[in-house]
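The values are calculated or read from the model by the stated rules, or taken from the named source; none is laboratory data. Bear in mind that the values here come from a model prediction, so they are computed numbers and not experimental data. Methodologically, a virtual Cβ is constructed for each residue, glycine included, from the backbone with ideal geometry; neighbour enumeration extends over all protein chains shown. Surface areas here come from the heavy atoms of the whole protein model, side chains and all, with no ligands, DNA or RNA. Shrake-Rupley method; radii C 1.70, N 1.55, O 1.52, S 1.80 Å.
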Amino acid sequence: MAEPQRDVGATYGTAATEYAADRAVGTSVEGAPEDTAGRSQLNLAFHRFIHHRMALAGLTIFVLLVAIAFIVPHFWKWGYAEITPSFASGPSLEHPMGTDTIGHDLFAQVMQATQTSLKSAFIVTVLATVVGTVIGAIAGYYGKLADATLMRFTDLVLTVPLLALLLVLANVLSKQSSNYIYIAIIIAAVLWTYLARLVRGTFLSLREHDYVIAARAIGARDRRIIFRHMVPNAMGPIVVNATLTVANAILIESALSFLGLGIQPPAVSLGNLIANGQGSATTEWWLFAFPSAVLVLIILAVNFVGDGLRDALDPRQTRVRA
Amino acid sequence: MSGEALLEVENLTVSFPTDEGIVQAVRGVSFSLEPGRVLGIAGESGSGKSVTTLAIMGLLPKSARVAGSVRFDGRELLKLSERQLETVRGRRISVIFQDPMTSLNPVYTVGWQVAEAIQMHQDVSKKQAWSRAIELLELVGIPRAAERAQSYPHEFSGGMQQRVVIATAMANDPDVIIADEPTTALDVTVQAQVLDALKAAQKETNAAVIFITHDLAAMAGIADEIIIMYAGKPVESAPTDEIFYSPRMPYTVGLLASLPRLDTDASEPLRPIPGSPPQVIDLPPGCPFTPRCPLARERCHEEEPELRPFGEGHLTACHFAEELESRGGEEIFAPIAEDTEVVAG
């Protein structure tokens, strides 16, 4: 007897969540009862996502990290550039992640570094996604000459060894400013290519869909067809790729900073913290371990979210309601 | 057959260059359409029906070579720029495509899509467009239209989706609606309902309709005139009744003989047309139907018959149309049970 009852409970539970989600997404238009409002693909994807355990865990960890990195510094007793009385001390209640040889509180520094990494990753992702989508969309939609020109240019950017280019650019730029925004722009200048290729491929197949011809048949212009009709349909791959770009950007930024060409001290990033810490990894292990652990945690969390999104947004996904 | 023609197509040809050669998809189609009339275009797959529609709307890919003339309301459509065509598409001429599952955008509600068509050409507010969209959805027979307008295409059945497409097509009160196999992707029972919706749309907008199908039965109930196409060319053109009661082209006769009928003995076998339509790459000289025609003779292999008048408003492209006067399909074509070997000269 207990079994069926639990099922009923679960069913109601699901229905309630779905109802709430429908309201939250706000598909309703004035005057219509909520319960007949349609379930958009976005809606369905959302339900698939929240039933993806690893993705949800990844998202939770990511949100927690963001919250800690951006909120806790306001209350933390040490500033990231502040020299504390104790130096080179291991983790303690006073300094949860220990202090470095000069006396910086590592916890404050890691939070600051995470902020920098996340902010630059955000800029990279937005820039790379917008540029990549527009270029890929134009190439895929118009084909022919536009496609050939844009894609050969993309290939050209892709053939340039990523790290070498970044090193040169970062070297030039970092002499003028160590601002994370510049570093982000440099990274975005390379990362958009992956998205451009992906979006172009998606558009090549979307272009043949009847609704694109139908949109032309009602008199829609190219710009409207591309951005109102096709881009929303390509949103799945775009979102997934954007998520993975976040992870990529953090890694590349860290690599640059590790090599001393990204964020310059006294500004901190996970990369230069790890670089500073690696020299003393055997004696003051915490200097190396904590920044690395946070970096790994962020990358893993973002990748799990990306995985979850890919599964959720895959139109071939048959399991509609978990 | 009197009155001002709204749409006049003259000697329209469409060809596509491919690796195997030039595909002559449409080899000279001419017809004229008067306001409020329904013209049926019938033919097998690959006979050039859909390409004709797309050519009229200027929706063919750029690789297509289009020649001839399409005059609409005094303007030559084939010569218009893309910008000028945009003011015609959806506003004056609209299209209903074959597969409603794919001709609606999956990410928008059906109401949004009908409203979009309205806003594209009319200067109305979002709200006005939305309420007009609901009216249109009601008109094509969508129950509880105000609520259903907020559903997404995947929540609709094929028949319902096609009604939405019809509502979109009539959104701007067009002069011509081109229905490109609107019932082909649907169940037989649903087909009748969609045809009703199409008739309602025609009544409301008083538009002329070009109804394209390979289903002669669906056509019988809706068309005023019918053009039968074969291998990219019209082979017979006549008022609907004439086509059904006195076809003057062996191909038409064959099509009719292959249909199940209510007025004959059920035990009577169907009579298919043997063989399949020719490739439209490098067609040999002569009538393209020759290899499948039971009446084919020497002359058919050498000379392609031109469309010629045969009685009031009746055109046929057969050298021996006169012989068909006394012979029906059951006489010319072999029943299904018998040997269906290709009859060639």
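Go over the candidates A:SER178, A:SER174 one by one and state the one that is outside any helix (DSSP H, G or I), modelled with pLDDT under 85 and either charged (D, E, K, R) or under 25 Å from the mean Cα position of the chain (by Cα) (or both). Give the steps one after another, and end with the answer.
Values: A:SER174 fails: outside any helix (DSSP H, G or I).
None of the others qualify; the one that does is A:SER178.
Reported count of residues in the range A:127-146, each being crowded, with 18+ Cβ neighbours inside 10 Å and within 14 Å of chain B (Cβ to nearest Cβ), is 1. Among the residues making up the range A:206-224, a single one is more than 10 Å from chain B (Cβ to nearest Cβ) and open to solvent by less than 20 Å² (accessible area, probe 1.4 Å): A:LEU206. Residue count for the range B:1-31, restricted to those that are open to solvent by 40 Å² or more (accessible area, probe 1.4 Å) and under 14 Å from the mean Cα position of the chain (by Cα): 1. The combined condition, being open to solvent by 40 Å² or more (accessible area, probe 1.4 Å), over 21 Å from B:ALA169 (Cβ atoms) and away from chain B (no Cβ under 14 Å), is fulfilled by A:ARG197. Out of all the residues in the range B:100-147, which are away from every other protein chain (no Cβ under 12 Å) and among the charged types (D, E, K, R)? Within the range B:100-147, B:ASP123, B:ARG132, B:GLU135, B:GLU138 meet the criteria.
If the condition is being open to solvent by 10 Å² or more (accessible area, probe 1.4 Å) and in contact (Cβ under 8 Å) with a residue 60 or more places away in the chain, then the range B:205-214 contributes B:ASN206, B:HIS214.
Of A:VAL124, A:VAL66, which residue is under 19 Å from the mean Cα position of the chain (by Cα), β-branched (Val, Ile, Thr) and open to solvent by 30 Å² or more (accessible area, probe 1.4 Å)? Even if it seems obvious, please write down each step before you answer.
Numbers: A:VAL124 fails: open to solvent by 30 Å² or more (accessible area, probe 1.4 Å).
Selected residue: A:VAL66, the only one of A:VAL124, A:VAL66 that is under 19 Å from the mean Cα position of the chain (by Cα), β-branched (Val, Ile, Thr) and open to solvent by 30 Å² or more (accessible area, probe 1.4 Å).
Condition check ((1) touching a Cys at 6+ places or on another chain (Cβ under 8 Å); (2) open to solvent by less than 10 Å² (accessible area, probe 1.4 Å); (3) within 12 Å of another protein chain (Cβ to nearest Cβ); (4) not in a helix (DSSP H, G or I)) across all residues:
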residue	(1), (2), (3), (4)
A:PHE227	no, no, no, no
A:ALA234	no, yes, yes, no
A:VAL240	no, no, no, no
A:ALA247	no, yes, no, no
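Across the range A:50-80, the number of residues qualifying as among the polar types (S, T, N, Q) and under 24 Å from A:ASP100 (Cα atoms) comes to 0.
Working only within the range B:32-63, note down all residues that are aliphatic (A, V, I, L, M) and either farther than 12 Å from B:GLY232 by Cα or open to solvent by less than 20 Å² (accessible area, probe 1.4 Å) (or both).
So the first thing to find is which residues in the range B:32-63 are aliphatic (A, V, I, L, M), and the list is B:33, B:38-39, B:41-42, B:51, B:54-57, B:59-60.
B:LEU33, B:VAL38, B:LEU39, B:ILE41, B:ALA42, B:LEU54, B:ALA55, B:ILE56, B:MET57, B:LEU59, B:LEU60, listed by residue number.
Here A:TRP192 clears all of (1) surrounded by fewer than 23 Cβ atoms within 10 Å (Cβ to Cβ); (2) more than 10 Å from chain B (Cβ to nearest Cβ) except the condition numbered (1). For the range B:86-97, the tally of residues that are surrounded by fewer than 24 Cβ atoms within 10 Å (Cβ to Cβ) and more than 8 Å from chain A (Cβ to nearest Cβ) stands at 1. The single residue among B:GLN162, B:GLN193, B:GLN202 that is in a helix (DSSP H, G or I) and buried (at least 23 other Cβ atoms within 10 Å of the Cβ) turns out to be B:GLN162.
Quick check on my filter: what residues within the range B:67-85 are within 12 Å of chain A (Cβ to nearest Cβ) and of a type in the set (D, E, K, R)? Let's see the steps before the verdict.
Start the filter on the range B:67-85 by keeping residues that are within 12 Å of chain A (Cβ to nearest Cβ), which leaves B:82-85.
Once the filter is applied, which keeps residues that are within 12 Å of chain A (Cβ to nearest Cβ) and of a type in the set (D, E, K, R), the range B:67-85 yields B:GLU82, B:ARG83.
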